[in-house]
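Comments concern the structure below.
The values are calculated or read from the model by the stated rules, or taken from the named source; none is laboratory data. No experiment lies behind these values; they were computed from the predicted model shown. Quick reminder, even Gly has a Cβ in these numbers, built from the backbone with ideal geometry, and neighbours come from all protein chains shown.
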Amino acid sequence: MPPSRIRPPFDADERTQLIGWFDMQRAIIHWKCEGLSDADTHRSVLPSSPQMSMAGLVSHLRWAEHTWFEVVLLGRPAVGPQFDDGPEDADMMVDGIPLPQLLADYARQCAVSNEIIAAHALDDVGKHPDFRVAAASLRWIMFHMIEETARHAGHMDAVRELLDGEKGYY
């Protein structure tokens, strides 16, 4: 089940606010995909960004969560399409993968990220020796991932409107 699209309370502590805003953006990603046909989920509507489909964006966000929380913060091996020697935007190349599978993969990755967030202090820094960004704290990573997820939610809003005319804010 996707997280709630409810803003965190005004008087919540910092961690609760960060998690609340992050979960709200994640929920918007799921919401933007509701009711799309399989063909539309994989259709690109921006000629200059052929990989930017609804399905491609979901996959990209799944791999962004993996990269920042598992690889950068925990120092786990850098595995995934974005680390292979394949083409740029490989994490968005998802032809043939149904959107429900991509959304389930994203939800599972978010659950892993949530466990990592819960187990670490906001001041903890990354551990991966090969990435300069490992100097970032969990707080910085969470702010970045809120920004990353919200930016792509905005992309999805525009893509969705171009696909079928659906629009709206949570």
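Would a scan of segment 147-165 turn up a residue that is of a type in the set (Asp, Glu), over 15 Å from ALA27 (Cα atoms), in contact with a Ser or Thr (Cβ under 7 Å, 6 or more places away or on another chain) and in contact (Cβ under 8 Å) with a residue 24 or more places away in the chain?
So far as segment 147-165 goes, no, none of its residues is of a type in the set (Asp, Glu), over 15 Å from ALA27 (Cα atoms), in contact with a Ser or Thr (Cβ under 7 Å, 6 or more places away or on another chain) and in contact (Cβ under 8 Å) with a residue 24 or more places away in the chain.
Going through ALA104, ALA64 one at a time, which residue ends up being surrounded by 16 or more Cβ atoms within 10 Å (Cβ to Cβ) and either closer than 15 Å to MET145 by Cα or out of contact with any strand residue (DSSP E or B) (no Cβ under 7 Å at 6 or more places or on another chain) (or both)?
When all the criteria are applied, what remains is ALA64.
In segment 131-168, how many residues are small (Gly, Ala, Ser) and in a helix (DSSP H, G or I)?
Residues meeting the conditions: 6.
Right, HIS128: assigned to a helix (DSSP H, G or I) and farther than 12 Å from ARG26 by Cα or not?
So HIS128 fails the test.
From the list VAL58, VAL71, VAL112, pick out the single residue that is in contact (Cβ under 8 Å) with a residue 12 or more places away in the chain, of a type in the set (A, V, I, L, M, F, W, C) and over 22 Å from MET24 (Cβ atoms).
VAL71
Looking for something of a type in the set (Gly, Ala, Ser), more than 18 Å from ALA111 (Cβ to Cβ), surrounded by fewer than 19 Cβ atoms within 10 Å (Cβ to Cβ) and modelled with pLDDT of 95 or more - is there at least one such residue anywhere in segment 67-77?
yes
Only residues that are part of a loop (DSSP other than H, G, I, E, B) and at pLDDT 90 or above: list them for segment 26-51, please.
Across segment 26-51, the qualifying residues are GLU34, GLY35, LEU36, SER37, HIS42, ARG43, SER44, VAL45.
Among (1) at negative phi; (2) touching a residue at least 60 places away in the same chain (Cβ under 8 Å), there is one condition GLN82 misses while meeting the rest; what is its number?
(2)
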